1. When the residues of segment 229-244 are narrowed to those that are more than 25 Å from Phe175 (Cβ to Cβ) and in contact (Cβ under 8 Å) with a residue 40 or more places away in the chain, which ends up nearest to the chain's Cα centre (by Cα)?
2. For segment 191-202, which residues satisfy the criterion of being crowded, with 22+ Cβ neighbours inside 10 Å and among the aliphatic types (A, V, I, L, M)?
3. Taking segment 15-74 only, how many residues are at pLDDT 95 or above, not aliphatic (A, V, I, L, M) and not in a helix (DSSP H, G or I)?
4. Would you confirm, using the coordinates I've provided, whether Tyr126 is of a type in the set (Ser, Thr, Tyr), surrounded by fewer than 18 Cβ atoms within 10 Å (Cβ to Cβ) and in contact with a helix residue (DSSP H, G or I) (Cβ under 8 Å, 6 or more places away or on another chain)?
5. Is at least one residue of segment 177-199 in contact with a strand residue (DSSP E or B) (Cβ under 6 Å, 6 or more places away or on another chain), among the β-branched types (Val, Ile, Thr), assigned to a helix (DSSP H, G or I) and under 19 Å from Asn153 (Cα atoms)?
6. Kindly check whether there is at least one residue in segment 245-258 that is free of Cβ contacts under 8 Å to residues at least 40 places away in the same chain and either in contact with a strand residue (DSSP E or B) (Cβ under 8 Å, 6 or more places away or on another chain) or assigned to a loop (DSSP other than H, G, I, E, B) (or both).
7. Can you work out which of the residues in segment 75-112 that are part of a loop (DSSP other than H, G, I, E, B) and polar (S, T, N, Q) is modelled with the highest pLDDT?
8. Among the listed residues Lys179, Lys221, which satisfies the condition of being surrounded by fewer than 13 Cβ atoms within 10 Å (Cβ to Cβ), touching a residue at least 12 places away in the same chain (Cβ under 8 Å) and touching a Lys or Arg at 6+ places or on another chain (Cβ under 6 Å)?
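The values are calculated or read from the model by the stated rules, or taken from the named source; none is laboratory data. Keep in mind it's a predicted model, so treat the numbers as computed, not measured. Glycine gets a Cβ as well: all are built from the backbone with ideal geometry, and neighbour counts include every protein chain shown.
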Amino acid sequence: MRTHTLAAVIALTVSAVAGAQQAASTATPSYTAAPAYISAAINDPARAEDKKDDARRQVAAVMAFTQVKPGDAVLELVPGTGYWTRVFSAIVGPSGHVYTVWPNEMDKFSAKSYANWQSLVATPHYKNVTLLKEPAAFLSVPQKVDVAFTSQNYHDYHDPFMGPVDMNAFNKQVFNALKPGGVYVIIDHIAPAGSGAADTDTLHRIDPMLVKKEVEAVGFKFDGASNALSNPDDPHTAKVFDKSIRGHTDQFIYRFRKPG
């Protein structure tokens, strides 16, 4: 009886420790208040059309998590509609810069967005934003950056239409583009645990543990996670464009740091 009791206690202890480790790895940092420069950027009148999505996309928490600040250089991969770019532009200000990368392979999916983007970078208000059009597998940035960021597009680099890209080589290019101490922030839709890249081209989701493994493999150090965009009601099995979940998928936010 004593042997069984001791085994049960050990099992419960191990379970509790594992649970605590998992909770710690996904805990959202506590933000008592967004820095003034983030609040000012969010309230930029040029973002009027974006305001309706701010609560859903947790813009203040995400920007605080990236640790971006005035004067920084930012690299944004596949900027889409420019939602995040407009905030980054306002935060880094005239002494900073935002480099947005449009992979050539995205042309057939985002011709309209790309045309809109060309207009955005030509707008005086966004003169600190540069458009970089280049092959997905060959990342080139004019200067070292403080923050590399991608939202809901990391999984795309695994798909056939993008090459697929050699992720080890690609992440190494991101690593080299960052200043020592710089951060790489990835947001994406969560796929079932253990699925790897199996759902990137079908459900447009990716297993967070695969992302962590790939990014750490090139020298990055895991620097934290946020559950600001988590949704426990997402079963992880629906396509992200399905009307039952679109705009409310369960998303991970990981931050990796280049040693410096």
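1. Keep residues of segment 229-244 that are more than 25 Å from Phe175 (Cβ to Cβ), which gives 230-244.
After this cut, where a residue has to be in contact (Cβ under 8 Å) with a residue 40 or more places away in the chain as well, the list is 230, 234, 236-237, 240.
Numbers: Ser230: 13, Asp234: 19, His236: 18, Thr237: 21, Val240: 16 Å.
Among residues in segment 229-244 that are more than 25 Å from Phe175 (Cβ to Cβ) and in contact (Cβ under 8 Å) with a residue 40 or more places away in the chain, the one nearest to the chain's Cα centre (by Cα) is Ser230.
2. Narrowing segment 191-202 to residues crowded, with 22+ Cβ neighbours inside 10 Å: 191, 199-200.
Hit for segment 191-202 is Ala191, nothing else.
3. The number of residues fulfilling the criteria is 8.
4. Values: of a type in the set (Ser, Thr, Tyr): yes; surrounded by fewer than 18 Cβ atoms within 10 Å (Cβ to Cβ): no; in contact with a helix residue (DSSP H, G or I) (Cβ under 8 Å, 6 or more places away or on another chain): yes.
So Tyr126 does not fit the description; no.
5. no
6. Initially, segment 245-258 is screened for residues free of Cβ contacts under 8 Å to residues at least 40 places away in the same chain, giving 245-246.
Cutting the leftovers down to either in contact with a strand residue (DSSP E or B) (Cβ under 8 Å, 6 or more places away or on another chain) or assigned to a loop (DSSP other than H, G, I, E, B) (or both) gives us 245-246.
So far as segment 245-258 goes, yes, one or more of its residues are free of Cβ contacts under 8 Å to residues at least 40 places away in the same chain and either in contact with a strand residue (DSSP E or B) (Cβ under 8 Å, 6 or more places away or on another chain) or assigned to a loop (DSSP other than H, G, I, E, B) (or both).
7. Of all residues in segment 75-112, those part of a loop (DSSP other than H, G, I, E, B) come to 78-82, 93-96, 107-110.
Then drop every residue that is not polar (S, T, N, Q), which leaves 81, 95, 110.
Working: Thr81: 87, Ser95: 98, Ser110: 72.
Top of the filtered list is Ser95.
8. Working: Lys179 fails: surrounded by fewer than 13 Cβ atoms within 10 Å (Cβ to Cβ).
None of the other options fit; the residue is Lys221.
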